[in-house]
Structure formats: C-alpha cells, structure tokens
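Novice: Got a structure for you, questions after.
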C-alpha cells in the first residue's frame, strides 16, 4: 500500500502564478466557496502570498521518513503538502529538510501537523502553513505514500492540485479547474476594485449592492 | 425583532481618548476587574492601542448582511462590535467592508467570529480583534439587529459603551461610567509610575507593598 | 507546606550560555527527545533564543503573591518559571513585575498561565513564553512556594534546572546533565552543519542518510 | 459593588412548568432562536428535563463564597445560575452545597465552571449543567454578587428569568416573555406532533414543507 | 454544482452486516489502519455497534435543507453521512428528521456538526455519532449536494462506502474493498480470540508475541 | 535510558483501600489541594470509585510496546499509569491488553492518551480514565520505561504512589504520605457527615461556617 507516484500532472505555471496573485479569499469565493483548509492552518511568518503545485505526502503519526522520499520528486515551484494518517502535532519538518527542499526549488510546505526551527525557516524565507509549532522530533520507522490523494486539514488534495496560501490561510484548487477559477478570480478582482473605489469615496454597500428593498421586505425596522 | 436603533448616546470624546491612552490592563483594574472580553480575542497585527464608541451588531451565524446596515450609522471614532447569535468562525469582514467603514471614520472592529483579507487590513491600518482568521465567505439571507445590547466574547456590550483594546485584548467600559473609570485609571497610572521607578531602582515589591508581615502570618517558611 | 528555598544550586554559566546558542530543537534531540514543554507555550514576541537557570514558583490559581516573594531570590541570568497549582489563564505578570525582575538581572519568564502588558514587555525586551495573554488581574491571598520542583506545561522542572527557549518553544535540561547535553548538542550541530551544506548543494537525504535500501526492504513501491 | 438583591420577581409557576414540558429545542425555536447557552454546558447525568426560576450568582474565579450567600435566598423551584467573573474550571459546587440547596427546594444548578461529587449528585438526583467536572477546591476570599444580571456561557441571564434545560443543553427565557413563549412553544409542539405522525407514516419533508419548487428554482439538479 | 446523485452502488448487505459484527477497532486494523474518522465523533448514547451504507450529504454551514432532499433517496440500512462545507456545531438534525429517516429504514446518522433532541433520539433508538449536541436551529436557504464524495471528520467518504460505528468511533471502508476487509477482519478476530484465551489464562504478551528478544536487542535494561 | 524497575515499594493495602472509600474530592482536599490530574481525564463508564498502587509506564507517542513489558510486573491491585513522552490521542490499550492485565489482578488504567474497545472494557468492568477514546492503532517500535517517575496529565506520579479515581477524576497521593492523608480524609469525612445532616435539616452554610460577619466586614451589601 505504500507507494510513490513518480509522474504527476501539474497545472500550467501561468495559471498557478495568476491564482497566487489573487489570494485565498478571492480564489475561494471565485470557485464557489469550496476548497478552504481548516482555519487552524496558520503561516509561521506573515506577509507571504503564493500559489504552487501540490506534491502530497501521506505520513504516519510522528514519522517523517516519507518527507525525504518526497523531496526527490520535487520540481521547481512545487509545494509539499503533508497529511498525517492520524492526528499529530510533532515537529516533522525543520531547517535541514527546508534546506534540501529549497535547493530543489520547493515553494514551501503545507502541513497538518507541527514544524520546528521557526527562526531558521523565517530567515531562509521558506514559508510554512502548519497546525502547530513543536520541537518534538519524529522517527523514520513506518512507510507512507507520496503523490496519492490526501485529506489535509479537512480538504481532499490530489497531487498536482493548486495550493493558494496567504495570511488568510490555505485553499486548494483542482488542477483541471485552475484556468476557469483564475478567470473567475480575475473577474471578481476587477469587480471588487470598482466597488472599492466607490466605497472609499463614501458610497454605502446598501446602495452599491441595492440591499435596502430586500431588507425592508424581510421586515427590518428602523427605530 | 430585527431592528436598527438609529440614535444612540456616545461618551464624551475626551473621555474615550483618555481611556485609550490608559490601555486595557489599567482600565480593567481601575473599574474593579470587570468588562474583559474572552482572552481568545486577539489583534490581527500588534502595536495598536485605542478606545472608541461601540456600534453593536447582532448577526446570524455565517451571515454578514447587517454589517452593511451598520456602516450607514457609523460616526467618526466609532468601532464596530459584532456578536453572532450562535458561534461561527466564518469570515464576516474583509477589505471591502473595511474600506467602506474607514471612509466613514470607523476606528476598527471587535468581532466574536472570523475575518479575512488580513494582509489588506494590516496595510490599511484597520485594526481588528477577532476570534479567528478565516477566508470562509458568509451569506446575506437573514436579518439581525444594529445598536441593541449584545453579548460579545462573554461580555455584555451596549451601543455607545466604550471599547478599549490593545495587545492585551479588549475591555468594555459602560458609557455612563466612563468619566469615573478614566479618573481611576489615571490615578492608577500615576501610582504605578512611582512604583515603576522604585522597582527599576531595585526596590522589592515585598517592601513596596509591605507584604512581609502578612506572608509570615499566613505561615510562609524560608528554608 | 508553603516554603521558600533560599539556596539552590545553579549550573555553570558557560554551560547555560552554550545551550542557549544551540536552541530548543537541537538540545531536545541531543538529550534523547525529552524535556519539551507543551507546544502551547508560545513567545510573546519572536526572535529570542536564550538559556537560563530556573527559579521556580508554585502559585495558586489566579494568585500572583508568590512572584513578589520569588523576585527577592533572583540572581542575574535566572529565569522565572511559574506553574499554577490548578489551571488558570489569568494575567499573573505585567510590566511592574517585569521592571522589578529586570532590575535584578532576570532573563525572562516561563509561565503556564496568562500574562499582560504585552506591549510594554516587548518594548522592555523582557521575553516571556506563556499559555495565554490575558489582562485579568490576580489576587494576593494564598501562599505558594518558591524553588520547589514544579510541573510546568507537562514537564517536571527543578529549581536550578536549565531552561532553553526560542521560537520553537521551551525545553528543560536537568542541571546535572547540562555539561553532557551541551557536548552532545554541539556534536549534533557540527554534524548538521555538514549535512546542511550537502543538502544545500542538492544532495538528497535519501542518499545522505542511506535510506533507500531500508525503504525497499519495508516494501515501498515506486509507480 | 458586591451586592445581594433580596427581592426579585419570578415568573408564574404554571408558565415555568409549561416551558419545562416543552424542552430546550422547542422553546429556543419558539422564541426566535435566541437564548441558547454555549453547547459546552452539559448535564452531569442524562434524562432530566426541567424549567426553573434563575437565582443568579456572579463569583470570582476559583471562589465559591457567594454560593453560600445565595442559598439563603432560594425559594422552592429556583435554580442556581453561577457565572465566574473570569474563566474557571474549578469545582465550585459539590454534595454539601447540593444538600443545602436541595433542603431549600432548589431545582438544580447551571454553572459556567466546574463541579465535583458527581456520583453523589447523581444519587441525590440533583441535576447540574456545567462546563467541567473537576475536583479542584475553591476558596472563600473575595466577594461577588447575588441576583444581578450575569453573562453565563455567552447569554445574559437576569434574576427571575426562566431557565429551561435538558439533554440538549440550556436555554434562557426572559421572565416577562414567558407567557408568550409558552404559547408559541405549545403551538409549535402541536404542529410538530401532526408532522411527526405524517413523517412516521412515510410522508416526505419535501412534500410536507412543500420544498420541491424552491429547490428547483435555486437550481438543484438530479442526476 | 448542487446535485443529487440518485443511483449509487451499495455493497452487498452480508458484507455490511459482517463488518458491523467486527466493530471499529478490528476493521480499522484489518484494512491497514486507515479510514478512522476524527476521535471527536462520539455516539449520543452508548452500546450500539453497526455497519451501513453511506448516503452522503454536503451541506452549507447552519443549513439543513439538503437533509430533507437526502431522505427521499434512503434505502433500508443506509446511514446518513453529513459533512458541512465549513465548520458548524449547529443542530442540523432532531426528532422529526429522525422519524422521517427511520420510517424509510435508515440505520442512523454520522454528522460532523451538531444534533438536538437527544432524549427523543435515544428513546427512538436512532443512533447518531456527532461532533456536538446543540439545540441551535438551522435554516433552509442554500443548496448543497447529495451522494457526492465528502470529507467528514477528516476522512473522504464516497456514497455507498461502508460505515462501521460503535463506542470507539466511526470508520469508513471503501465499498469495493468491503469483501476483502471483512475477510481480514474475521481472520483477525479468530486470531485475537485465541490470544484472548491465552492471555486470560495468564500468559504474557511478551511471550505470546515473542517480544523479549527484540526488546533486549533495542537495549531495554531491567534493574 | 530505557529501563524497567522491577522492585518498587507499595503502600499498605489497608491504606490504599481506605483512600478508595474516601474518593477523589475528599482526598484532594485532605492533602492540601494537591495531586489532582487534569480534568480532561474522564472515566469510560460511570460509577467506579477505587484506589490502587501505581505501576508507571513512560511510552513514546503512538507506541504501546511498553505496556506488554509492564504487565509482567503487575501485582494484584496495581493500576497501570501511562504517560506518553509527547502528546498522543492514539488508542494504546484495548480488550486484549485488558484481558491480560485483569488476569494478573490489575485494578484498571490511567492513561494520558487514547484507548479503544470501550464496549468490551465496560463489559469486563475494567475501569479506565483516559484523555480520549480512539480506535487508532499504535506500533511496537521504540522503547520506553516502566516504573520510573512520570508526569501524567500534569501531575508527577512515582511508581508505588497511590492513585485515587472516581467520577470526579483522578488524584495521586505520595506513597509515604498515604497514612497521613487517609487520617485527614477520614477526619474530613466525619466532619462533613455532621455538616451534611445539619444542611439537610435546613441549616445554612452561612451559619454553619460562621460566614456572616466576615462577609459584612468585606463590604457585602444586601439591597
């Protein structure tokens, strides 16, 4: 059952980059409010916004053996996505693994578990969204799999799916829906930019979105 | 039952500003250790200290319709205070609403739920204290109320009450007690400044607060 | 039962300083993966790495009386370690106590409870690892003890034990094991530095740690 | 500030009893989905359904002194409602206090904190809804208040308000709204009974509530 | 995007029944320690052990509209599996829906959210494994889907997959793996029964599993 | 470092039995409010009250190998006390281990982790206080220790210490303090019995404990 899938399809890089510019909230809305990982997935340092192609890892609790296996299969602009097979806050990943991953062009890490060496990772500018920061070490005893579908922080992620991440959290876009979601995301951005200017000028959302009538119909009373 | 109270009383701005200079811990102590919201209410970025007049919103779970309604009633230096009618971590508030609120002079947001667009809000310097950061969108389907008393993060907040917030959390001061609490807060600050200087010079709290005798009476043994 | 132990043994300062340079993850690994405090113990501001000698405080819930007692017994480079006798998130410690402790050369605070005046403590550069930030005040009613063994965030800490703390959390090293753990930590660092360079150059952990054969033996399949 | 309000108004006992027969879910719905305490408030043993008049206690953290004060003011069919002024899981209440309260006709306890002697309370059939079970003792050092409005598990409760509690949790009904809410609750029960019979006979909610058309309008696709 | 898949494949009922007799721990082990839902999924009353075919529901937060849609598609021995599209503890399900589902032969409910009417459900012997008990009502405003793959409590569940549930929690078995997992589960049971008898007779696991030598090799010291 | 201490001292059985009759709350109070394990340690079924001598196990996360080692060293009326070296909710213990332990006269299990086979353990009347119920299996890969001091649910427990457990939770009494604590516990019980009778007869705690004067001194106002 422990397998490494060596060849996976990835989305077009221009689509990935486009989604990265849009950010999590926009992409999440544009694709119909789906794909958002659990809100407990937080960045270890603020200010990063990125998108990348998922290289998935299914790992046993407290065992980071498969991370080493996964790194061999990284292509530039991939992001590692690790889901433990049962819950764990242990520190699966630190500065040595980050050094190795970064040397292969890895964009970062999404991990539904713990990481360590936060100071080093911050200095290296290796972005991580994790469930916990924890120095607890892991073992290398039990196999897992690389590049199989995983459930990470409550969402199904297939290898090659597109991960969008920023200070708001993490969102997954299906590889085959990337182009369509990017189109909708850009449309949404354009529309929002126009609204932003009107709101900044003092217009009210009540008027902009034409909400007054429906509020009255539902029975809102002003007193 | 869904109402918007259009005219509320606000505290004198000099009182509000004075309380903002004192900060949460001092004000909380000065008013007899009451009014502190749950410690899970955290700022989205550090370093802000403010006080403002509460404009309250009671909103259904995962529904931000009433925020649009509330913004129309903002006066400069008001702070929005949103309490969901049942628990929700959804992202009720983001950069468009912040743009609109800021255009009306709003000081920030206190929300016992989630918010999104953290990076934008930080750049805009629109301060928020929230229970969660979460990109999950909300709907506009069900009415709530504006400027009624709400329970937010475990504390009753009336429209026009004074909100004090900083890196330590959030505290509410009753509007009608503002002047008295400010007076006590300033007295406390003056007293603390004197103590700070003595402690910085190496004096011990044991002597400053005259604790040795009572410790001995209670039976503390030195060995 | 309430006692203050006035004379405790401390580790050699050069050993303490050495461990501080190694950091939590390295020290934790070097001593056989023990001594790590619960991952919920987080620094109030990032970027600090230190080691210091533990001055322990056992305090009742919501009562900070014994902190004043403890401060009298601080020696330069000691760190206060407070464990409540039952769980509490109250704010036991703020800027006045920090001023007093810092005047006596105290290195910081480890507290399995809450603290307040975060902004002031950050400006003073007084580092704290705590369970919570909470402005809630405490009382001075019930005795506790100073410099007895305590369980703090799940780990036993004796007075004079060495505390190592950084952005990854907090680890305790037994005083009498300090020299040995430092030796092992430095050996680990040297070994890691070599690996880091090879990984940075693009070598794989699979080869560096010679993992391929054992993975195959365990049955990992590449497809 | 520490006060005991000796005379409070209570609702009519027939209204209270009627609400008790309806149960939490029905009453909560009937009054417009308000008044529900946090879902972490759980009964210490299953199978109880009751309503009673609230006698409120505002108590300091880890201090049960005011419970003794409150018991003197109990009337038969009152229920004690205790809210700590800051969060606490300590065991404020056990078999002795229950014996005393029961001797005065008390119906039970709602407590946003811990209790102990669960086995005894169960044998005595003294029902409790609490946040925690915890043997940790409390002190009698600091005053609180009796029969003032409190926020308990996120809801405002006034002395004399009606508490409805069962295996689903706890709900508060304003004293002055009791008669109206009872009327609506009974109407709801009657309506539900009819629906229950039709559903038990195999009718579908889709038809009973006439949902098919609106589902189609919203775009639901059957495939 | 909101769809109802009307025809799904189900596993053979004898396989489902066989897995139900084995229980969660055995089945989970037999299929290689996969498929276990989060441990927070607890039964509302103890003592039930069952297996059933999953009829899946993807529902918006705080909105139970799709449960009505799903019930029409129940076949005898199906179990409803509801996953909200964003986290919610609201009470999606109560005695009326249970009456309707039971009338159609439904075996129970697995829900990563809240339920209510616990007392009625217990009396009806309608088993539920849920994240929360909460009387908070839900709305019928937004569409979801029926019989699409969902992630429930951290595990992917396809319509027609086999759900095994008992006092230990909930486990999912892929429909197409049911026969194989049943075979392995029964083998495991047979093997365990033999061990149980030897252990009951006083034999040690150290001898039964032949552990002594490997413990010595790893360096265990007896002192 | 992995050791099995074969000979430990145990307290006198009559002392252990006596403490078991007193229960957790009484013993905890009698020994000065210390020794209480975290309130998250809950019994898997209600109604048990016991005391037993601790046989301690320090085990790696998700690894139950040492339980087999420990069982060989059980004496009748011992209770197993397992503390993982880093947090884990995995199911370390089930019906086979319970069968083996029970065959050796073991009184039960205290475990700061998960257990499984709850239904079987309940039928066998093998009592367990645990942090979680979770069917997730564990491995047998890494050594731990038996009969060394451990920190379990926040309290230090030495081998041979006395564990008292009931529906209120778990408390540890030092072996060498057992006789003294039993004496104090019985005195407390006698005193409480007298109070219970007076309270049951309608006397008030205010009078029984002579609280009125001190309340007045502190400033309590009756209005």
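Novice: Which residues, counting only those in the range B:149-172, are more than 9 Å from every other protein chain (Cβ to nearest Cβ), more than 9 Å from the chain's Cα centre (by Cα) and more than 23 Å from residue D:112 (Cβ to Cβ)?
Specialist: Once the filter is applied, which keeps residues that are more than 9 Å from every other protein chain (Cβ to nearest Cβ), more than 9 Å from the chain's Cα centre (by Cα) and more than 23 Å from residue D:112 (Cβ to Cβ), the range B:149-172 yields B:159, B:160.
Novice: Next up: Kindly check whether there is at least one residue in the range E:81-96 that is surrounded by fewer than 24 Cβ atoms within 10 Å (Cβ to Cβ), more than 9 Å from chain D (Cβ to nearest Cβ) and assigned to a loop (DSSP other than H, G, I, E, B).
Specialist: yes
Novice: Does the range F:116-125 hold any residues that are crowded, with 24+ Cβ neighbours inside 10 Å and in contact with a helix residue (DSSP H, G or I) (Cβ under 7 Å, 6 or more places away or on another chain), and which are they?
Specialist: Of the residues in the range F:116-125, the ones crowded, with 24+ Cβ neighbours inside 10 Å are F:116-118, F:121.
Selection gives F:116, F:117, F:121.
Novice: For residues that are farther than 24 Å from residue E:133 by Cα and out of contact with any helix residue (DSSP H, G or I) (no Cβ under 8 Å at 6 or more places or on another chain), tally how many sit in the range E:22-41.
Specialist: The qualifying residues number 4.
Novice: Can you find a residue in the range E:156-175 that is surrounded by fewer than 23 Cβ atoms within 10 Å (Cβ to Cβ) and in a helix (DSSP H, G or I)? Full working, then the answer.
Specialist: Kept after step one, since they are surrounded by fewer than 23 Cβ atoms within 10 Å (Cβ to Cβ), are these residues of the range E:156-175: E:156, E:158, E:160, E:174-175.
Subsequent filtering for residues that are in a helix (DSSP H, G or I) retains E:175.
Yes, the range E:156-175 has at least one match.
Novice: Now for a separate question. Is it the case, given these coordinates, that residue A:105 is in contact with a helix residue (DSSP H, G or I) (Cβ under 8 Å, 6 or more places away or on another chain), more than 9 Å from every other protein chain (Cβ to nearest Cβ) and in a loop (DSSP other than H, G, I, E, B)? Lay out the reasoning, then the answer.
Specialist: Details: in contact with a helix residue (DSSP H, G or I) (Cβ under 8 Å, 6 or more places away or on another chain): no; more than 9 Å from every other protein chain (Cβ to nearest Cβ): yes; in a loop (DSSP other than H, G, I, E, B): yes.
No: the conditions fail for residue A:105.
Novice: Would you mind stating whether residue E:19 is under 18 Å from the mean Cα position of the chain (by Cα) and closer than 19 Å to residue E:98 by Cα?
Specialist: On the way: under 18 Å from the mean Cα position of the chain (by Cα): yes; closer than 19 Å to residue E:98 by Cα: no.
Here the answer is no, as residue E:19 does not meet what is asked.
Novice: Among (1) within 12 Å of another protein chain (Cβ to nearest Cβ); (2) buried (at least 17 other Cβ atoms within 10 Å of the Cβ); (3) over 14 Å from residue C:106 (Cβ atoms), which single condition is residue C:11 missing?
Specialist: (1)
Novice: What single numbered condition from (1) more than 22 Å from residue D:193 (Cα to Cα); (2) in contact with a helix residue (DSSP H, G or I) (Cβ under 8 Å, 6 or more places away or on another chain); (3) surrounded by 24 or more Cβ atoms within 10 Å (Cβ to Cβ) fails to hold for residue D:70?
Specialist: Single failed check for residue D:70: (2).
Novice: Count, please, the residues in the range B:125-148 that happen to be under 25 Å from residue B:39 (Cα atoms) and outside any loop (DSSP other than H, G, I, E, B).
Specialist: 7
Novice: Shifting gears a bit: Among all residue pairs at least 6 apart or on different chains, which show Cβ distances below 9 Å where the first residue, located in the range C:192-216, is on the phi > 0 side of the Ramachandran plot and the second is surrounded by 15 or more Cβ atoms within 10 Å (Cβ to Cβ)?
Specialist: Close Cβ pairs (under 9 Å, with a partner that is surrounded by 15 or more Cβ atoms within 10 Å (Cβ to Cβ)) amount to C:202/A:100; C:202/A:103; C:202/A:104.
Novice: Here's something else I'd like to know. What about residue E:117, is it within 8 Å of another protein chain (Cβ to nearest Cβ) and touching a strand residue (DSSP E or B) at 6+ places or on another chain (Cβ under 9 Å)? Quick ask: steps written out before the conclusion?
Specialist: Working: within 8 Å of another protein chain (Cβ to nearest Cβ): yes; touching a strand residue (DSSP E or B) at 6+ places or on another chain (Cβ under 9 Å): yes.
In short, yes.
Novice: Is at least one residue of the range B:187-207 within 23 Å of residue B:69 (Cβ to Cβ) and either within 13 Å of the chain's Cα centre (by Cα) or more than 14 Å from chain C (Cβ to nearest Cβ) (or both)?
Specialist: Checking the range B:187-207: not a single residue is within 23 Å of residue B:69 (Cβ to Cβ) and either within 13 Å of the chain's Cα centre (by Cα) or more than 14 Å from chain C (Cβ to nearest Cβ) (or both).
Novice: Go through the range D:23-50 and give me each residue that's facing chain E (nearest Cβ under 8 Å) and surrounded by 24 or more Cβ atoms within 10 Å (Cβ to Cβ). Talk me through it step by step, then tell me what you get.
Specialist: Of all residues in the range D:23-50, those facing chain E (nearest Cβ under 8 Å) come to D:23-25, D:28-29, D:33, D:36, D:39, D:42, D:46-47, D:49.
D:23, D:24, D:25, D:28, D:36, D:39, listed by residue number.
Novice: Which one is nearest to the chain's Cα centre (by Cα) among residues in the range E:48-62 that are at pLDDT 95 or above and either under 17 Å from residue D:219 (Cα atoms) or part of a loop (DSSP other than H, G, I, E, B) (or both)?
Specialist: E:49
Novice: Given the structure, is residue F:137 touching a residue at least 12 places away in the same chain (Cβ under 8 Å), within 11 Å of another protein chain (Cβ to nearest Cβ), in contact with a helix residue (DSSP H, G or I) (Cβ under 8 Å, 6 or more places away or on another chain) and farther than 19 Å from residue F:161 by Cβ?
Specialist: Numbers: touching a residue at least 12 places away in the same chain (Cβ under 8 Å): yes; within 11 Å of another protein chain (Cβ to nearest Cβ): yes; in contact with a helix residue (DSSP H, G or I) (Cβ under 8 Å, 6 or more places away or on another chain): yes; farther than 19 Å from residue F:161 by Cβ: yes.
So residue F:137 fits the description; yes.
Novice: Just to be sure I understand, how many residues within the range A:134-153 are surrounded by fewer than 22 Cβ atoms within 10 Å (Cβ to Cβ) and under 28 Å from residue E:84 (Cα atoms)?
Specialist: Qualifying residue count, the range A:134-153: 3.
Novice: Could I ask something else about it? Here are some conditions: (1) in a helix (DSSP H, G or I); (2) away from chain B (no Cβ under 13 Å). Residue A:216 meets all but one. Which one does it not meet?
Specialist: Every listed condition holds for residue A:216 apart from (2).
Novice: Looking at (1) within 11 Å of chain D (Cβ to nearest Cβ); (2) over 16 Å from residue E:163 (Cβ atoms), which one does residue E:70 not meet, given that it meets all the others?
Specialist: So residue E:70 meets the others, but not (2).
The values are calculated or read from the model by the stated rules, or taken from the named source; none is laboratory data. Predicted model, so just to flag it, every value in this text is computed and none were measured. Positions of Cβ are generated from backbone atoms using ideal geometry, with glycine treated the same way; all protein chains shown enter the neighbour counts.
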